[in-house]
Amino acid sequence: MPLAEQHGARIVPVDSEHSAIFQCLRGERLDRVRRVILTASGGPFLRASRAELESASPEAALKHPNWSMGPRISIGSATLMNKALELIELQHLFGLGRERIEVVIHPQSLVHSLVEFVDGSVIAQMGPPDMRLPIHYALQPPRPRARSARRLRPGALQAPRFRGAGSGPLPGPRAGLPLPRTGRRLRCRPQRSR
């Protein structure tokens, strides 16, 4: 980020959650932001028990209920480890401290992120689970041209559901929590063969 600032460059995020936050913050000042709420679908194992997770197959992990993604991203979503990385990215992209970031589970994948301001108002970015929208937005900011892709049909919407991400057997979001708070660097060690 310092290099982008040094050269007057603007980094436009492509990930759906970060793109949503970028859109919600357009024209806003960060000192007016109370918190950013990052959403996670919960993936294919949202309601799985620890025992079910221990016997889950890679094929089951690749079957996301809402998104059509490649294998690496699908596995990251199934384990919620993608949220750990997204927490770290969020801190660097927007300069927000960890205390101003919350993760919630939103199984419908329609609300991609929310921003709450100090006056209590909340702006949410909504859309179908389709990566073409954030990619299109990144290529055409600040006013993307009309496009033909999946559209959100308000008449078909149900009330959005949210729950805290700290519960459940998957540690993904919790794995990213200590890093933005402490700024520590952790090394990945290869597992020793037995």
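Readers should treat all values here as calculations from the given coordinates under stated rules, not as data from a laboratory. Remember, it's a predicted structure, so these values are computed and weren't measured experimentally. All Cβ positions, even for glycine, are placed from backbone atoms using ideal geometry, and neighbour counts span all protein chains on display.
Under 5 Å between amide hydrogens, built in the peptide plane, is the criterion, and for R34 it picks out E116, F117, V118 among residues at least 5 positions away or on other chains.
Residue order for K63, K83, fewest other beta carbons within 10 angstrom first, comes to K63, K83.
Computed about the Cα centre, the dipole magnitude for the range 4-136 is approximately 80 debye when only Lys and Arg (+1) and Asp and Glu (-1) carry charge, each at its Cβ. The convex hull defined by the C-alpha atoms of the range 1-116 has an orientation-averaged projected area of 8.2 nm². Among D130, D119, D15, sorting on how many other beta-carbon atoms sit within 10 Å of each Cβ, with the fewest leading, yields D119, D130, D15.
With N as its number of residues, the range 32-83 has a Cα radius of gyration that, divided by 2.2 N^0.38 Å, comes to 1.30. The Rg/Rh ratio of the range 52-155, with Rg taken over Cα atoms and Rh as the Kirkwood radius over Cα pairs, comes to 0.99. The chymotrypsin sites (Phe, Trp or Tyr not before Pro) of the range 21-102 that DSSP puts in a loop, and whose beta carbon has at most 16 other beta carbons within 10 Å, are W67. Projected over every direction and averaged, the convex hull enclosing the alpha-carbon atoms of the range 1-56 yields 6.5 nm².
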